[in-house]
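Structure first, then comments.
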Amino acid sequence: MLQSKLFYKTNKNKSALADSVSHDLLVRAGYIDQLMAGVYSFMPLGFRVLKNIEDIIRKNMEAIGGQELLLPVLQPKENWQKTGRWETLDILFKVKGSGDKEYAMGPTHEEVVTPLAKKMVFSYRDLPFSVFQIQTKFRDELRAKSGILRTREFLMKDLYSFHATQADFDAYYEKLAKVYTNIFKEVGIGKITHRTLASGGSFSKYSDEFQTITNAGEDIIYICKKCSTSINKEIKAEYPICPKCKANEFEEKKSIEVGNIFPLGTGFSKPFDLKFTDKDATDKPVLMGCYGIGLGRLMGAIVEASHDEKGIIWPKSVAPFLVHLIQLGTDKKITTSAQKLYKSLQMEHLEVLYDDRVKTPGEKFAESDLLGIPYRVVISEKTLAKNSVEVKERSKNSVKLVKISQLHKIFNYQ
């Protein structure tokens with residue numbers, strides 16, 4: 001991608017409206033744009049990050065047997081009345097249509113996926129299975145804040161699993177928890193993200209949240225100093241000692257919830273009469289589970305965890321580009337060499353942002369740090385004199401002079 005053609009603008013000044021580091025940096029670096037409170041446009045840079053996160057999540061959901069589908073955002077009022085949530089869910093956006101019809105703008109999809117499953121499930125032979133989607137959700141948050149960490153419109157992965165027995169559900173639940181741990185490791189926040197015991201709300205006694213430690217967090221978690229078991233604030237009173245190792249010393253941390261998994265039991269299958277005929281010829285309600293990850297929130301959490309005073313530091317797995325190629329000078333020899341290197345890197349299937357603009361070195365370097373692309377490669381009259389380029393990793397301070405012919409070894413491609 002030529003940076004001169006990229007649809008974006010940066011701002012070197014801290015945003016007065018930003019109430020978190022991620023909000024400030026993502027807006028200033030041109031990754032997102034705020035339309036109104038709780039609603040954001042993802043610019044080309046931000047959309048590339050979002051798609052990389054989406055690809056990681058999709059790969060992991062498919063690895064555990066999830067089948068991807070896409071469910072409607074617009075949902076009938078009657079389905080929400082069946083579960084009692086039309087009246088009780090305070091974040092539900094309600095829409096009036098023609099002829100006094102009313103609809104819900106989906107904040108979640110149990111009221112859609114459960115009656116859908118009813119059309120497919122008849123016997124124990126039809127179970128278990130799981131389906132997932134990556135789709136826009138709407139929640140009428142009373143106080144949208146912290147940029148894309150808490151919004152009213154957001155992209156979410158929600159997976160729903162369906163089971164005949166409690167043992168089968170429990171096994172899948174634990175398998176899914178391990179997959180979530182792998183996802184957060186892949187996107188670069190595994191070391192600071194904790195599986196956290198939480199209350200289960202209406203459907204079960206317990207559930208699990210995945211909490212990423214950050215000063216911008218609006219949640220509080222307690223981490224056992226002995227075994228690292230994590231408990232959220234709402235259920236800490238039940239556990240004066242660690243439920244795993246029985247130690248009584250905890251470390252209090254602020255955190256962001258980046259994912260959750262929880263049993264639904266028969267909380268939705270019963271209202272929709274979702275049942276199956278078991279081996280003993282009796283009808284039984286299907287057991288369900290729900291597993292969510294907010295992609296925008298995860299993107300914000302990554303920035304909260306990985307930045308410095310100069311800007312964002314993207315992990316390689318989610319960065320919009322792997323390489324930021326910066327041309328210094330407009331001499332024909334420099335331009336020709338830079339263009340040749342750009343095409344060479346692209347031929348190796350590397351994602352490259354090529355800064356072909358006429359700017360001062362200081363302006364280019366400052367913007368490169370703000371954007372946070374993992375590798376900065378600088379080509380100039382000085383480096384060409386040695387048939388080399390300067391290479392700097394965004395996460396490190398050192399700069400290396402690398403022969404152009406050896407540059408491919410830096411990026412570990414075959």
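The values are calculated or read from the model by the stated rules, or taken from the named source; none is laboratory data. Keep in mind that this is a model prediction, so the values were computed, not measured. Neighbour counts are summed over all protein chains in view; Cβ atoms, including those assigned to glycine, are modelled from backbone coordinates with ideal geometry.
Residues being small (Gly, Ala, Ser) and assigned to a loop (DSSP other than H, G, I, E, B) are entirely absent from region 122-143.
When each of ARG150, ARG143 is tested for being assigned by TED's automatic domain parsing to the domain that holds GLU304, of a type outside the set (S, T, N, Q), surrounded by fewer than 18 Cβ atoms within 10 Å (Cβ to Cβ) and modelled with pLDDT under 95, the lone residue that passes is ARG143.
Condition test on SER207, is it closer than 19 Å to LEU176 by Cβ, without any contact (Cβ under 8 Å) to a residue 40 or more places away in the chain, among the hydroxyl-bearing types (Ser, Thr, Tyr) and crowded, with 18+ Cβ neighbours inside 10 Å?
Numbers: closer than 19 Å to LEU176 by Cβ: yes; without any contact (Cβ under 8 Å) to a residue 40 or more places away in the chain: no; among the hydroxyl-bearing types (Ser, Thr, Tyr): yes; crowded, with 18+ Cβ neighbours inside 10 Å: yes.
It is false that SER207 is closer than 19 Å to LEU176 by Cβ, without any contact (Cβ under 8 Å) to a residue 40 or more places away in the chain, among the hydroxyl-bearing types (Ser, Thr, Tyr) and crowded, with 18+ Cβ neighbours inside 10 Å.
Anything in region 2-40 that is crowded, with 17+ Cβ neighbours inside 10 Å and in contact with a Pro (Cβ under 9 Å, 6 or more places away or on another chain)? List them, or say none. Within region 2-40, LEU6, GLY30, TYR31 meet the criteria. For HIS307, the criteria (1) free of Cβ contacts under 8 Å to residues at least 40 places away in the same chain; (2) farther than 30 Å from TRP80 by Cα hold in every case but one, which is (1).
In region 307-333, which residue that is assigned to a loop (DSSP other than H, G, I, E, B) and touching a strand residue (DSSP E or B) at 6+ places or on another chain (Cβ under 7 Å) is nearest to GLU390 (Cα to Cα)?
Pass one, region 307-333, residues assigned to a loop (DSSP other than H, G, I, E, B): 309-310, 313-322, 328-331.
Still in the list and also touching a strand residue (DSSP E or B) at 6+ places or on another chain (Cβ under 7 Å): 313, 321-322, 328.
Numbers: ILE313: 19, PHE321: 18, LEU322: 15, LEU328: 11 Å.
Per the criteria, the residue is LEU328.
For region 41-84, taking the residues that are surrounded by fewer than 17 Cβ atoms within 10 Å (Cβ to Cβ) and polar (S, T, N, Q), the one that is farthest from the chain's Cα centre (by Cα) is identified as GLN81.
Among the residues of region 164-189, just one is closer than 19 Å to THR212 by Cα, among the basic types (Lys, Arg) and over 14 Å from the mean Cα position of the chain (by Cα), namely LYS178. Can you find a residue in region 172-185 that is under 26 Å from THR277 (Cβ atoms) and crowded, with 18+ Cβ neighbours inside 10 Å? Yes, that holds for at least one residue.
Evaluate the following for GLU348: is it within 24 Å of GLY30 (Cα to Cα) and of a type outside the set (A, V, I, L, M, F, W, C)?
Values: within 24 Å of GLY30 (Cα to Cα): no; of a type outside the set (A, V, I, L, M, F, W, C): yes.
Spelling it out, it is not the case that GLU348 is within 24 Å of GLY30 (Cα to Cα) and of a type outside the set (A, V, I, L, M, F, W, C).
Evaluating GLY188 against the criteria (1) modelled with pLDDT under 95; (2) on the phi > 0 side of the Ramachandran plot leaves one unmet condition, (1).
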